[in-house]
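Enquirer: Mind looking over this structure? Questions follow.
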Amino acid sequence: MNGFLAFCALTTLTSVALRVTQAPALPIEVVYDDAPGEGFHDPMFGDQRRMAFETAIDHWARALAGTVPIVVAANMVSLGGTGANALLASTGAITVHRNFAGARAQTWYAAALANQLALNDVNGPELAEIGVTFNADVDDSAVLGSVSWYYGLDAQPGVDIDFITIALHEIGHGLGFLDTIDASAGTFRLDDQPSILERMLVRPEIGLLSDLLPPERLAAIVAPHDLLWSGPTVLGFNGSPLAVYSPDPFEQGSSIAHWDTGLGELMQPFYTQANHDMGALLPALIDLGWKISGPTPTPRHAPATPTSTNPPRPSPTPATPAAQRGMVYVTNFDDSTVSVIDATTRAVVDTIAVDNGPLGIAASTDGSRVYLAGFQAGTLSVLRTGDARIVASAPVAESPNGVAVTPDGAFLAVSDTVADQVVIVSADTLRVVARVPSGPQPSGVALDGDGRLAFVANFSGATVSVVDLDARRRRAIIPMPFVTASDGLLGVAIAPATGWGFVTSYYDGWARPLRADTLSTPGLVYPFGLSVVRSDAVVANTAGELAYFAAHDVDTGDGRISVMQMADNRVLAEIPVGKVPEALALGPDEMELYVANTGSNTVSIVDTTERRVVRVVAVGGAPMGVAAVAVPEGQCLDACHTPTPPLSTATATPEATVTSTPSAMCPSDCDASQTVDVNELVVAVAIALGERPLMDCRAADGDRDGTVTVAELVNGVDRLLTTCS
């Protein structure tokens, strides 16, 4: 990769030669910091190198206005490289300054700009303002092969690298196009205060980079094409916001302090061709505080008309109050089934075949649907609770894992573990509306109280990603202190009422507090006292008073639930459960906790008041997800909304087609008339002849052999009248 990478090093250079350019507007002095016979004094290339560099200096001197001389110290040394890649040059502001006369408060400025604003030499006459180092090895065939520096002045380098282009670019950094971000912490390296450039950058719909919380900054600096320049001069010049270079992962020396790639700008991070046009760099320097010697650059485009990128969420339809029955749904990974448990009888009442390898599961707030992540199948399925049917399925992700539903029922957040992304899905259509980069191997997903932010535990990343579901972008990256990437972040929970929660580490058996409001992890790590423990899952109650942690002994698989008081992080009880508890769910009234025990193929039902297991229910093979739902009683099939498949259009992104089971009338006494009309009877017979049995209203075909006897039909109709009305 032929690239010029800028690194803002704060160093001091010693001069050995001096030349003053003929600068009509801004006085710039050049110091060549090379030993005799080397670099800019090389007997073969020295004259050409100095002429090319001083031509670039003259370009800048004529473009900018100022009264305080700028000293640029330049040298050419061996920076190495290979036959295909090389660092072409690096630049640093020799010093940076803040809180001087004419400066924006608590903001760092490169010395060259600080001098002009302060109207004096703030870094002292003994120091240069800008230091530039070029790679002399480019003229050696061992680096970049036959490609060499081109020292001509006509911007026609052919296959070689135009030296003036690189010099113009590097001086631009020294004039103030530099960053101070700490890419590991989301803070600024110098007293946690930004450079003037960093005050110009904005993440749309989230805020200015300098105003963001550190976890938000960590996400902003690795948001490709989504970190924009907010200065008015650049906006007026370009006609629309201009993005800075913010690749994922962060590239030290390249990220932030360059324009985005593909824009044809002088200040792009990698050399592609000769370019002596300052482009958007000159308007950017005006935004930073520089004055120019000529008129403001002519706009290249008309201002763009603002458009809304994120339509408002649909308003949820108010639900009609109805009697409810508690049901629990358990995904069985090995069997590719869902076990349905009646919360009253605490018995399995149905087993439903689903897509391969079901894992995550979540229920809609109104209890009408349960969403299933088919980890092996790569699908998201909808189970309609009114009749326990899979009514829709769509291939939305490579390996869907965790699932969360927004409180208004509008969207789903699905972690895609293999693809390292969070998929935002429309709940009505199962259409993918956005794919947002997460961290490595996203697993558990939890939403804040209003369902605007999704918190995603990155299993291999030692971080929690925060996804803004409305803006459809990653808003923050919360690092977990004292955590290594191999710790395996797995479970995450947020209490809706308080925004407080926890994230758990599978391999190291600990939990760390998590705050949704401040995007922080306050407090200490809380270990759970088994000798060698795996921390599997966590759930918090609505009020934010109690958190329940599932863990198991790595040697025996014996599981337990730790009940923690969230106000003081005090463990109130330890409850033994089955082998390897992988998933937790509180019942709708939070009087019971349901624990899916993967190692023993059971669900432990815990009384949260007595804090003991009151029932163990056998389910399918390897239960790994559980959801508890309050299902409206008497829910009719024709009243259950079936997701609509997305329409195929010429411009639509292919997302695969959603398959949907047609809705039918409810095979029960829907109008509570104590009679069954012909349509209801026909549907009952249809179910008896092959449709999936209901959870409560069992099909007439009791042995599921595809045929029905007269006795079975009579019994089925009798059940419809006596059980389902």
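Derivation of every value follows stated rules applied to the coordinates shown; laboratory data play no part. Worth saying up front: this structure is predicted, and the values here are computed from it rather than measured. Don't worry about glycine lacking a Cβ; one is built from the backbone with ideal geometry, like all the others, and counts go over all protein chains shown.
Enquirer: With charges only on Cβ, +1 for K and R and -1 for D and E, what is the dipole size of the range 2-292 about its Cα centre, in debye, rounded to 20?
Expert: Computed about the Cα centre, the dipole is about 660 debye.
Enquirer: 5 Å is the cut-off here: which amide hydrogens, built 1.01 Å from N in the peptide plane, fall below it relative to D448, excluding neighbours closer than 5 in sequence?
Expert: Residues meeting the criterion, in which the H sits 1.01 Å from N, are L453, F455.
Enquirer: Tally Lys/Arg at +1 and Asp/Glu at -1 over every other residue whose Cβ is under 12 Å from the Cβ of T556; what's the total?
Expert: The answer is 0.
Enquirer: Counting only other residues whose beta carbon sits under 13 Å from that of F188, what net charge do I get with K and R as +1, D and E as -1?
Expert: -2
Enquirer: Hey, can you rank 550-558, 375-383 by average C-beta count inside 10 Å, highest first? Don't skip to the end; give the middle numbers.
Expert: On the way: 550-558: 19.2, 375-383: 23.0.
Going by the mean number of other Cβ atoms within 10 Å, highest first, we get 375-383, 550-558.
Enquirer: Taking the Cα centre of the range 458-518 as origin and charging only Cβ (+1 Lys, Arg; -1 Asp, Glu), how large is the dipole, in debye to the nearest 20?
Expert: 180 debye
Enquirer: Between T344 and Y507, take the C-beta separation as r, use R0 = 51 Å, and let me know the FRET efficiency to the nearest 0.05. Spell out each step's value before the answer.
Expert: Numbers: r = 38 Å, r/R0 = 0.75.
Efficiency, rounded to the nearest 0.05: 0.85.
Enquirer: Right, next: Using 7 Å Cα-to-Cβ label points, what is the Q324/T82 separation (nm, one decimal)?
Expert: 6.0 nm
Enquirer: Using +1 at the Cβ of each Lys and Arg and -1 at the Cβ of each Asp and Glu in the range 486-596, identify which of P576, S562, P513 lies farthest towards the dipole's positive end.
Expert: Going by the Cα projections, it comes out as P513.
Enquirer: Kindly rank 228-236, 30-38 from highest to lowest mean number of other beta carbons found within 10 Å of each residue.
Expert: Top of the packing list down: 228-236, 30-38.
Enquirer: With r defined as the distance between the Cβ atoms of E590 and N569 and R0 fixed at 22 Å, what FRET efficiency is calculated, to the nearest 0.05?
Expert: After rounding to 0.05, the efficiency reads 0.65.
Enquirer: What residues have an amide H closer than 5 Å to that of G402, excluding those fewer than 5 places away on the same chain, when H is modeled at 1.01 Å from N in the peptide plane?
Expert: S415
Enquirer: Just report the Cα centroid separation between the range 517-596 and the range 132-168, whole Å.
Expert: 61 Å
Enquirer: How much net charge surrounds W500 when only other residues with a Cβ under 13 Å from its Cβ are counted (Lys, Arg +1; Asp, Glu -1)?
Expert: Cβ neighbours under 13 Å give a net charge of -2.
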